[in-house]
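Structure, as structure tokens:
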Amino acid sequence: MTGRAFLETARLVLRPLAEADRAACVAAMNDLAITRWLPAVPYPYSPADFDGFLPLHAPGRRWAITRDGTFVGMIALDPHFGYWLVPDAQGQGVATEAARAVLAAHFADPQAGDVISGYLTGNAASANVLGKLGFVPVGQGRVVSRALGAEVEHVDMALTRAAWAMANPLVIDTPRLRLDPLTPADAEPFRALVTTPDIGRMLFIFPPDYSLSDAQAMMAQNRWAGTRPLRLAIRQGGRMIGTIGLGAGDLPDIYYFLAPDCAGQGLMREAITAFCPAVRRHFGLSGLGAKVFTDNPASAHLLESCGFVRSGVDRVHSAQRASPHPVWLYRQG
């Protein structure tokens, strides 16, 4: 369970259910086209039913789905996963978008377990959404539908962390770039970049003799798994021109580099300004950090232009420097 009462996506805000949602919720629950797929919900549905449900609402486990401030449905992970939408919001990817936000918040906790869900036989739309999210069937049974007053067939589904990560990699698109998980094919260009002296000496962990096998091990270590630490490729026109990553901890550092022939075009700023809000939202982070060697004023200026504030000084070793060197510490948020 996420514990986060508010979640945001590109189009949606997920927030706690409120008394102001009574009319919209009652109207939706009196639409049998919705309620017939929700076994626990009575039909007809009265304001008293809503008033009885509201105190049971658990922020951080159940959310009202809103778009442009308008209530359009609900979603829950309490402990089973489920959702519903008003007709005007169906068929537009809203359920998938809301579900990804809830499940990303759940799996951001490295201790979070599998998620259980399911759908009533015949609910092809819900089956499609769950399949896209990575859920797989694990059984079938019968449940009582209060709205229909009869037993109905139910398909049980489960989502593991591994299946979630494979089906829902973090991909960030900007006007000129795509940030996405590293692949084995990135090993050689990665090695070539981090062993370029002007890049490597500004990084921390890559020695000058960093080999292709080292890079291949790095690709395997950074294979997308939905958890931190992580490193994404920065691609332009399909070419990997750099990487951007995120550490572990409550205030994780970002780290990044870009190919020299791509410098001076605003590409790294474009990547950072997209990456930071995306990972803060994805992992529920209150802030980010960064470290920059004091002889790298261009990177310091870049961070400051992206909303980072200098917070201190330290000394850090680089695998391509003879001794520890001063770094400026930065914080965003």
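The values are calculated or read from the model by the stated rules, or taken from the named source; none is laboratory data. Quick caveat, the model's predicted, so the values are computed rather than measured. All Cβ positions, even for glycine, are placed from backbone atoms using ideal geometry, and neighbour counts span all protein chains on display. Please note that ligands, DNA and RNA were not included when accessible areas were found on the heavy atoms of the full protein model with its side chains. Shrake-Rupley method; radii C 1.70, N 1.55, O 1.52, S 1.80 Å.
Karplus-based coupling profile of the range 308-320, in residue order and whole Hz: 7, 10, 5, 10, x, 9, 8, 10, 9, 8, 10, 5, 10, with θ = phi - 60° in 6.51 cos²θ - 1.76 cosθ + 1.60 and x standing for Gly or Pro. Distance from the Cα centroid of the range 168-237 to that of the range 51-72 is 40 Å (rounded to whole angstrom).
Specify whether the C-alpha gyration tensor of the range 183-333 places it in the rounded, prolate or oblate class, a ≥ b ≥ c being the square roots of the eigenvalues: rounded for a/c under 1.5, otherwise prolate if a/b is larger than b/c and oblate if not. It comes out rounded by the Cα gyration axes. For THR183, the solvent-accessible surface with a 1.4 Å probe is about 50 Å², rounded to the nearest 10.
Distance between the pseudo-spin-label points of SER211 and GLU188 (7 Å out from Cα toward the beta carbon): 1.7 nm.
Volume per residue, Å³, of the convex hull around the alpha-carbon atoms of the range 117-189? Mind showing how you got there, number by number?
On the way: hull volume 9.1 nm³, N = 73.
Once divided by residue count, the hull of the range 117-189 is 124 Å³.
The equivalent ellipsoid that matches the C-alpha gyration tensor of the range 1-152 spans semi-axes of 22, 20, 15 angstrom, in descending order. Extension gain, THR273-ALA18: 0.36 nm per intervening residue step, less the Cα-Cα distance, totals 88.5 nm. Of the solvent-accessible surface of the chain, computed with a 1.4 Å probe and all protein chains present, 55% belongs to carbon and sulfur. For the chain, the solvent-accessible area works out to 46 Å² per residue, with a probe of 1.4 Å and every protein chain left in place. With the simple model of a label 7 Å out from the Cα in the direction of the Cβ, SER286 to ASP88 spans 3.8 nm.
Once you have a ≥ b ≥ c as the square roots of the Cα gyration tensor eigenvalues for the range 34-80, tell me rounded if a/c is under 1.5, and otherwise prolate or oblate according to whether a/b is larger than b/c.
Working: a/c = 1.41, a/b = 1.24, b/c = 1.14.
It is rounded, given that a/c, with a ≥ b ≥ c, falls under 1.5.
Of the peptides 301-307, 154-160, the order by per-residue mean of other Cβ atoms within 10 Å, starting with the highest, comes out as 154-160, 301-307. This structure gives Rg/Rh (Cα atoms, Kirkwood Rh), computed directly, and of (i) 1.06; (ii) 1.03; (iii) 1.01 that value is listed as (i). Less than 5 angstrom separates the built amide H of VAL86 from those of GLY73, all sequence-distant by 5 or more or on a different chain.
Our helix-only sum for the chain, with -39,500 (n - 2.57) per DSSP H run of n ≥ 4 divided by its residues, gives a mean residue ellipticity at 222 nm of -8500 deg cm²/dmol.
Taken along the Cα-to-beta-carbon direction at a fixed 7 Å, the label points for ASP261 and GLU97 span 3.8 nm.
Classify the range 90-230 from the C-alpha gyration tensor, please: rounded if a/c falls under 1.5, else prolate or oblate depending on whether a/b exceeds b/c. Before the final figure, lay out the partial values.
Details: a/c = 3.72, a/b = 2.81, b/c = 1.32.
Note, shape of the range 90-230 comes out prolate.
Computed from Cα positions, the angle between helix 94-107 and the longest principal axis of the chain comes to roughly 60 degrees.
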